[in-house]
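The structure appears right after this line, and notes come after that.
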Amino acid sequence: MQGLLINADDFGLTPGVNRAIAELYDAGCLRSTTLMATGDAFQHAVDLALERPGLGVGCHIVLTDGLPALPPGEIPSLLGEDRVHFRPRLARFIGDLMLGRIHEDELEREAAAQMRKLQSAGLNVTHFDSHKHTHMFPAIVRPLARAAAACGVHALRNPFEPAWSTAAGSSRLRKLQIRALARLHDPFFAQFDGLQTPDGTIGVSATGNLNAASLDTLLQTLPEGVWELVCHPGYNDSALGRVATRLRTERETEYRALLEQIPLALRNYPDLHLISYRDIQLIGSEAP
């Protein structure tokens, strides 16, 4: 059996991103998304999700390039130079993490605050992942897993992409980055126990290049197991132009690719089943 968990990141970023995700769910092209607790269009996303109880909603934990859920004075080690926002650049975040400048207790409290904001809005949080995949670092996933346990959240994204997936639509630099980060795999899974996760994640290296052709290649080579396809659909409108993101026209490309390829794949591959994080425990997939 092939379980395909298509998860749209950045729910809550803009109304256009929200609308695209809702439309893909309505068209039967995805069943899972992750919501940014402090995104500009948070309440709009909540409203769309509550109208679609079959849409699994996780927490897209933001620790860089965004605003915290807690008052800035409670999490000083997580903030950038303006002392209001998180560090705007991932490289600076990772550098300070390696130097021990980011405190685990603050990470745990901020992650819990973001998850609880979704729960307070009436959503059942199915899982968590993180903006820019920061939770692949053991020092990040450890406190985030504790926060998830405290909030009753039982699943998370496996952020490691298998070698067969990186061949679809990724640049040489992206492939090298994915290969370098693979060394974090074993330390990552040593940081938590009892959380469900897919067998792996696909589409990470294709981010920015996930078009109909690359998506078709991924679906043709999908092995048995439970695999999460990471995607970032949305509309490239004026609201998106006002937020910091490197994905603009690419979001519409991904939207069209999913709308075209997923219904075809579900018809052509009888063993392929579109699932959400709610289904992982039923299938029995656990961390490798």
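Derivation of every value follows stated rules applied to the coordinates shown; laboratory data play no part. Just so we're clear, the structure is a prediction, and the values are computed from it rather than from any experiment. For neighbour counting, all protein chains shown are included, and Cβ atoms are generated from backbone atoms with ideal geometry for every residue, glycine included.
Points worth noting:
- As a proxy for reagent exposure, ranking TYR269, TYR235, TYR255, TYR277 by other Cβ atoms within 10 Å from fewest up yields TYR269, TYR235, TYR255, TYR277.
- For the chain, built as a Gaussian network whose Cα springs stay under 10 Å, the top-fluctuating residue of GLY56, GLY16, GLY28: GLY28
- Coordinate range along principal axes, alpha carbons of the chain, Å, largest first: 53, 40, 37
- Using Cβ point charges alone (K and R +1, D and E -1), the dipole size of the stretch 2-283 about the Cα centre works out to roughly 540 debye.
- Amide H contacts of ILE202 (H built 1.01 Å from N, under 5 Å, at least 5 apart or other chain): GLU228, LEU229, VAL230
- In Å, descending, principal axis extents of the Cα set of the stretch 184-234: 37, 25, 19
- Entry for the stretch 78-118 at q = 0.24, 0.25 Å⁻¹: log10 I(q)/I(0) = -0.89, -0.93, Debye formula applied to identical alpha-carbon scatterers, no solvent contribution.
- A Cα-only calculation for the stretch 1-109 places Rg and Dmax at 16.2, 50 Å.
- Cβ crowding within 10 Å, taken as a proxy for footprinting-reagent exposure, orders CYS59, CYS29, CYS151 from fewest neighbours to most as CYS151, CYS29, CYS59.
- GNM result for the chain, Cα springs below 10 Å: residue of SER77, SER32, SER238 fluctuating most strongly: SER238
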